[in-house]
1. Grab the helices (runs of 4 or more DSSP H) fully contained in segment 224-306, keeping just those with 2 or more residues being surrounded by fewer than 16 Cβ atoms within 10 Å (Cβ to Cβ) and not hydrophobic (A, V, I, L, M, F, W, C).
2. If I filter segment 54-75 for residues that are surrounded by 15 or more Cβ atoms within 10 Å (Cβ to Cβ) and over 28 Å from Met330 (Cα atoms), do I get at least one hit?
3. Among the candidates Tyr133, Tyr128, which residue alone is crowded, with 23+ Cβ neighbours inside 10 Å, touching a Leu at 6+ places or on another chain (Cβ under 6 Å) and farther than 30 Å from Ala263 by Cβ?
4. Which one of the conditions (1) β-branched (Val, Ile, Thr); (2) touching a residue at least 24 places away in the same chain (Cβ under 8 Å); (3) under 23 Å from Val179 (Cα atoms); (4) surrounded by 19 or more Cβ atoms within 10 Å (Cβ to Cβ) does Thr335 fail to meet, given that it meets all the rest?
5. Residues in segment 155-195 that are under 25 Å from Ala344 (Cβ atoms), polar (S, T, N, Q) and out of contact with any Phe, Trp or Tyr (no Cβ under 6 Å at 6 or more places or on another chain): how many?
6. Kindly establish whether Lys331 is closer than 17 Å to Phe161 by Cα and of a type in the set (Lys, Arg).
7. What number of residues within segment 142-167 satisfy the criterion of being of a type outside the set (A, V, I, L, M), crowded, with 23+ Cβ neighbours inside 10 Å and more than 11 Å from Ser40 (Cα to Cα)?
8. Does His274 satisfy being in contact with a helix residue (DSSP H, G or I) (Cβ under 9 Å, 6 or more places away or on another chain) and either modelled with pLDDT of 95 or more or hydrophobic (A, V, I, L, M, F, W, C) (or both)?
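The values are calculated or read from the model by the stated rules, or taken from the named source; none is laboratory data. Since the model is a prediction, treat every value here as computed from it, not as a measurement. Every residue, glycine as well, gets a Cβ built from its backbone with ideal geometry; the counts of neighbours run over all protein chains shown.
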Amino acid sequence: MQKTMVAVVKPEPKAGSEICEVKVPSFGPRDVLVKVKVASICGTDLHIYDWDQWAAGRIKPPLVPGHEFCGNVFAVGDEVTTVKEGDFVSAEMHVACGKCFQCRIGEAHICPNVKILGVDEDGAFAEYVRIPYADGSLYHFPPGGDEESLVMLSDILPTGFECGVLNGQVKPGDTVAIVGAGPVGLAVLLTAQFYSPATIIMVDVDDNRLAIAKTLGATAGINSTDGHAADHVIKLTEGAGVDVAIEAVGIPATFDICQAIVAPGGRIANVGVHGKPVELHLEKLWDRNISLTTRLVDTATTPMLLKVVRSGKLQPSRLVSHRFPMSDIMKAYDTFGNAGKEGALKVILTNTEPA
């Protein structure tokens, strides 16, 4: 048995989450077991913890959450060829078959067989996690690498880059607004700078996060608590609006800001996970040549991002604000869920349980 957190044992907000013992996962010929070493709480995990509309419509409890992690391969299925016991690895947040048309064109998140770790399959907030389709789902990490940075490559960095920067088609000289200066928004900020935009405006309700964003490369920060963030962005851009508006929260208010600030011919890239409906203002946007994109991360860019992390030019560990042992996961959730009060960005969990 392994002691772990099983989230949403019953569909009640937070009351259904507890620490308990579950069996070590069984595994098939295409699977591996990974002994989790370091993990991190994602915003998606918080949707499950709070049991919002998105989680209630998808999650089948009981469930071990968690999809941002790295660790060592503990056991290998007979048909797995790309990893061996002892390898230090991380997994994509979603595991896909690797053989269908969608997988072959690099859009694994819409594979008909895709499963998201910690959402559709038991995840990594445990001693061991099973990785299906391991040959196409695992990434080798170098021994002695920055483990906290490597954890970010499971989801947050490729999410910000693929769903925000690439979908938003950020180009040199662009004016970019990132609405939401949480961990995902800051991942967008870090990777948007690959393309040398002229201006990156961060919008958030938290002055501390806006200050951190400026240390990471933002050129301006706007606090949206007065309800006039869009007006401030329009004024800052001398009435033009922004070439790229990136939504990185997942609530109606932030999506509305993006619609209000995008310039004619501009792009809105949605990154946030929306637990409630939003209103699309086509009555204002229908004639403005606006592109709107949505997607889930494919992690197709993870090998490239790993190279940049290894070079030291990209340091996602700068986003880590709090560290807890896995046994204190409930405290870690409370810290992450009260990010404004606690000054939390990325919350790291270290698995210190014996093998």
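1. Details: elements: 229-236, 252-261, 282-285.
By residue number, 229-236, 282-285.
2. Yes, segment 54-75 contains a residue that is surrounded by 15 or more Cβ atoms within 10 Å (Cβ to Cβ) and over 28 Å from Met330 (Cα atoms).
3. Values: Tyr133 fails: touching a Leu at 6+ places or on another chain (Cβ under 6 Å).
Exactly one of Tyr133, Tyr128 is crowded, with 23+ Cβ neighbours inside 10 Å, touching a Leu at 6+ places or on another chain (Cβ under 6 Å) and farther than 30 Å from Ala263 by Cβ, namely Tyr128.
4. Condition (2) is where Thr335 drops out.
5. From segment 155-195, those under 25 Å from Ala344 (Cβ atoms) are 155-165, 176-193; that's our starting set.
Pick out the ones that are also polar (S, T, N, Q) and you get 159, 191, 193.
Next cut, out of contact with any Phe, Trp or Tyr (no Cβ under 6 Å at 6 or more places or on another chain) only: 159, 193.
Qualifying residue count for the region: 2.
6. Details: closer than 17 Å to Phe161 by Cα: no; of a type in the set (Lys, Arg): yes.
For Lys331, the condition - closer than 17 Å to Phe161 by Cα and of a type in the set (Lys, Arg) - is not met.
7. Filtering segment 142-167 for residues of a type outside the set (A, V, I, L, M) gives 142-149, 154-155, 158-164, 167.
Cutting the leftovers down to crowded, with 23+ Cβ neighbours inside 10 Å gives us 149, 154-155, 158-164.
Within this subset, residues satisfying the condition of being more than 11 Å from Ser40 (Cα to Cα) are 158-164.
The total comes to 7.
8. Working: in contact with a helix residue (DSSP H, G or I) (Cβ under 9 Å, 6 or more places away or on another chain): yes; either modelled with pLDDT of 95 or more or hydrophobic (A, V, I, L, M, F, W, C) (or both): no.
No, not satisfied.
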